[in-house]
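Remarks on the structure that follows.
Read-outs: derived from the displayed coordinates by stated rules, not from any lab. Just so we're clear, the structure is a prediction, and the values are computed from it rather than from any experiment. Cβ coordinates were reconstructed from backbone atoms using ideal geometry, including for glycine residues, and neighbour counts include every protein chain displayed.
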Amino acid sequence: MRIGTLVAMVMLLAGLSGAPVGAQGSCPPTRADMLGPFYKPDAPVRSRTGDGLVVSGTVRSATTCAPLPGARLEWWSADTRGEYQDSLRATQTADSDGRYRYETVFPGLYPGRPPHLHVRLSAPGHRVLVTQVYPKPNDRDIKLDFVLPQ
């Protein structure tokens with residue numbers, strides 16, 4: 001067995017793969033990404049801005065991996081032509097188990113950028129996280145936990 005494969009197996013078994021390891025462990029925070037020039041606060045409260053792409057998962061704490069009920073998610077993205085529209089902005093709150101589900105259109109390309117969704121996450125006792133989701137061309141249902149730093 002190759003050393004790299006063995007190390008990966010040990011890390012997986014030890015819960016070091018980056019996946020949540022439960023309320024007693026810790027999780028690496030989700031990588032931050034740029035806010036971009038098109039963020040607008042106070043988007044309408046809704047969990048759907050279109051059809052075709054669903055992003056869902058749980059918002060967690062980096063310290064404990066515990067779900068963060070009531071975490072706030074703010075979404076914005078370009079339409080299929082690559083233009084930002086207010087109709088593709090949303091604010092939602094994670095449920096009592098820290099879960100969220102957001103449905104929108106598959107974002108279009110605009111010069112110099114791959115398709116992406118922006119999201120800004122916040123929860124009491126945690127630092128604000130701004131990141132982006134980069135769907136692949138055939139993605140329609142993305143499962144993704146966001147992990148907030150303290």
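Observations on the structure shown:
- Filtered chymotrypsin sites (Phe, Trp or Tyr not before Pro), region 16-110: DSSP coil and at most 15 other beta carbons within 10 Å: F38, Y39
- Computed label-point distance, nm, for sites L109 and V45 using a 7 Å Cα→Cβ extension: 3.9 nm
- Taking the fewest neighbouring Cβ atoms within 10 Å as the starting point, the ordered list for S77, S61, S122 is S122, S61, S77.
- Calculated P(r) of region 22-148 - Cα pairs past 18 Å, %: 49 percent
- Counted by Cβ distance under 13 Å from R48, the other residues give a net charge of +1, where Lys and Arg count +1 and Asp and Glu count -1.
- Alpha-carbon spread of region 32-99, three principal axes, descending order, Å: 40, 25, 21
- Relative protection proxy for 65-73, 40-48, from highest mean packing down: 65-73, 40-48 (other beta-carbon atoms within 10 angstrom).
- Of all DSSP beta bridges confined to region 22-148, the antiparallel ones make up roughly 75%.
- Length-normalised contact order of region 22-148 in % [C-alpha pairs under 8 Å, at least 6 apart]: 34 percent
- Remark: spin-label model distance A32-T63 equals 1.8 nm, labels positioned 7 Å along the Cα→Cβ axis.
- Whether region 91-131 is rounded, prolate or oblate, judged on the alpha carbon gyration tensor where a/c under 1.5 counts as rounded: oblate
- Total formal charge among the other residues, if their Cβ is under 12 angstrom from that of F106, Lys/Arg +1 and Asp/Glu -1: -2
- Taking the charge dipole of region 22-148 about its Cα centre, with +1 at Lys and Arg Cβ atoms and -1 at Asp and Glu Cβ atoms, the residue from G82, Q92, L121 reaching farthest to the positive side is L121.
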